[in-house]
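The values are calculated or read from the model by the stated rules, or taken from the named source; none is laboratory data. Small disclaimer: the values here were computed from a predicted structure and weren't measured. Every residue, glycine among them, receives a Cβ derived from its backbone with ideal geometry; neighbour counts consider all protein chains shown. Surface accessibility is based on the protein's heavy atoms, side chains included, excluding ligands, DNA and RNA. Shrake-Rupley method; radii C 1.70, N 1.55, O 1.52, S 1.80 Å.
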Amino acid sequence: MKNSPINISFKWQIAILACVLIAIVCTNIMMAPYGFDIMLSYGAAFQADHLGNFPLNVYKTWNMRGIGYKYLMYGLYKLSGTSPTPDHSHEFEIITKTIYYALLLSMSYFFFYLLKPFLARKNINWKLSFFLFAISAASIGLGVILQPEDISIYLTLGMVSFALSEKKIFNNLAGLFVPLLLCLKVVTVLYTGYALVLLLFLYPQEQKRFWRFCISIAVFTFITIIFYLTVIPREVTDTMGSVLLQSGGYSTSFALKWILNLIAARGILACFLPGIICFVYIIAVNRKKNINLLLLAVLLSISFVYVNIQKEYFAYHYLSIAPLLIGSIFIVTYYLSRKYRVANVMMLFCCVIALRWLFSEVIPMHDLLSSPLASAVSYSKSHDKERRYFKEMDARYSLSSQKEVLTLTEGIFNYYIHSKSYLRHSFVPFALKSRSKSLNKAVFPIMFDSMLSYKGQYIVVGKQIKTSDIPGLDQMLAKDYQMIPAATPSEIDGTEEFLFVLYKRKS
């Protein structure tokens, strides 16, 4: 950069703009409370603490996610040195997010450093690429923070960097990322396809590294299967249970659903817009159009399979497209920096991502880039009501100090109230409101059999749980328990979305 044509003053302008951009991204990340899935996962981490005897305690808890994800959430919780009580949940969120991004961005810096020789041969500035990647990945932000799909973006980068490293030892260890992806959510192992396709189609001259990568994948996959079957067989059972408890089957219109929901989820991908434009442009002008179009089709098909295999179309599922867009960052860095100077590359990303975060919801075109920053403000306010609600309830009934509580509700209760859950699965709603009662009974018979033997003081039932669907529960409630108000009317106001029914044992 010593011979850069950018003058000092313009460098400072870019630096200031970059700092503003970083401030915007960081503000959004820290302001936005955790989503439901993340609260539920932390609820499982707190339950593990009640069991004690680390690391077996985490293994014994149940979650819809994989064992690796459970240990990650438990680790963030323990490293934070605090817990999200109603009075301290915001501090907990800030600390855990800081640890999370510090860890992942540090790893990413190392991954880009490993790619330095490879990128140098392509005349790509590795530091600028890292900066654009870090901003893009962090800018995804609201609603997807700490989701397995979010973490998988960084692991995919690590897999590519190991596979393309100049050092043979990293090539041989590249397959290690396969079990890491697998233990997050099982289906996230499909992210491996991005790295394979990238090496096979984009870099045919890297055949030796490609075959080392394939052999490494085979070796680590075999070791992982043996480990699951012999050391952690309970994880296999829980994973099968999670798969069976997923909602309904495929419909004939799943292709149309994928496209429509991709359009609806485009806000989380807006920060990659410059890369998308350049990627499409390169494909259009490249002489090997057929190969490039095939590459694009294969990469998009991975995301298509990833989303539809889960039979749901949540926005964060579409982060499975992000590894494809990460590759486009290299194209942006290479193409624009050579033709329009490095400053313009940063300016382009800064402007697009700033618009991504600042577009007001009152502007008719707000759907184009979404407005997570504006949403975070209203979302934070709604969680203030939520915190007051749980604080009031805990103050009235001292639920946190109870030896055990039967919680037939979502993870939000266990996120704020840290009493021990009577049942291993009870703080996860999917295990209680399955579409098929016979399936539910078959997957988790111990849970249903032991539920009716509960003798504790309090039972918490979420509004999404129908007690009539659980054989014998209505009779037990009528015989031994009475319904009591969870909070005063002033605290209940505006909290309908997470209300539940509280029962207390009759004296």
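Filtered by the rule that a residue be in contact (Cβ under 8 Å) with a residue 60 or more places away in the chain and open to solvent by less than 30 Å² (accessible area, probe 1.4 Å), segment 39-59 gives MET39, LEU40, SER41, TYR42, GLY43, ALA44, PHE46, GLN47.
For segment 396-411, a tally of residues being touching an Asp or Glu at 6+ places or on another chain (Cβ under 9 Å) and buried (at least 22 other Cβ atoms within 10 Å of the Cβ) returns 1.
The condition of being modelled with pLDDT of 85 or more and within 22 Å of SER419 (Cβ to Cβ) holds for only one of THR61, THR96, THR85, that being THR96. Selection of segment 60-75 for residues being surrounded by 19 or more Cβ atoms within 10 Å (Cβ to Cβ) and either free of Cβ contacts under 8 Å to residues at least 40 places away in the same chain or in contact with a Lys or Arg (Cβ under 7 Å, 6 or more places away or on another chain) (or both) yields THR61, TRP62, ASN63, ARG65, GLY66, TYR69, LYS70, TYR74. Among the residues of segment 308-320, those identified as under 14 Å from the mean Cα position of the chain (by Cα) and part of a helix (DSSP H, G or I) are ALA315, TYR316, HIS317, TYR318, LEU319, SER320. Residue under question is ILE124, and the condition is that it be open to solvent by 10 Å² or more (accessible area, probe 1.4 Å), at pLDDT below 90, farther than 24 Å from PHE330 by Cβ and not basic (Lys, Arg); does it hold? So ILE124 does not fit the description; no. Among the candidates TYR191, TYR228, the residue that is under 24 Å from VAL307 (Cβ atoms) and at pLDDT 90 or above is uniquely TYR191.
Sort out for me the helices (runs of 4 or more DSSP H) sitting completely within segment 167-233 that have 3 or more residues that are over 25 Å from ILE331 (Cα atoms), open to solvent by 60 Å² or more (accessible area, probe 1.4 Å) and in contact (Cβ under 8 Å) with a residue 60 or more places away in the chain.
none
Taking the criterion of being crowded, with 18+ Cβ neighbours inside 10 Å, of a type in the set (A, V, I, L, M) and at pLDDT 85 or above, would at least one residue in segment 431-445 satisfy it? No: zero hits. Residues in segment 19-38 that are of a type in the set (Gly, Ala, Ser) and either open to solvent by less than 10 Å² (accessible area, probe 1.4 Å) or part of a helix (DSSP H, G or I) (or both) were compared, and the one that is nearest to PHE130 (Cα to Cα) is ALA23. When ASP87, ASP150 are screened for being assigned to a loop (DSSP other than H, G, I, E, B) and in contact (Cβ under 8 Å) with a residue 12 or more places away in the chain, only ASP87 passes. Per this entry, PHE448 is counted among residues that are out of contact with any Leu (no Cβ under 8 Å at 6 or more places or on another chain), under 26 Å from LYS506 (Cα atoms), modelled with pLDDT under 80 and in a helix (DSSP H, G or I).
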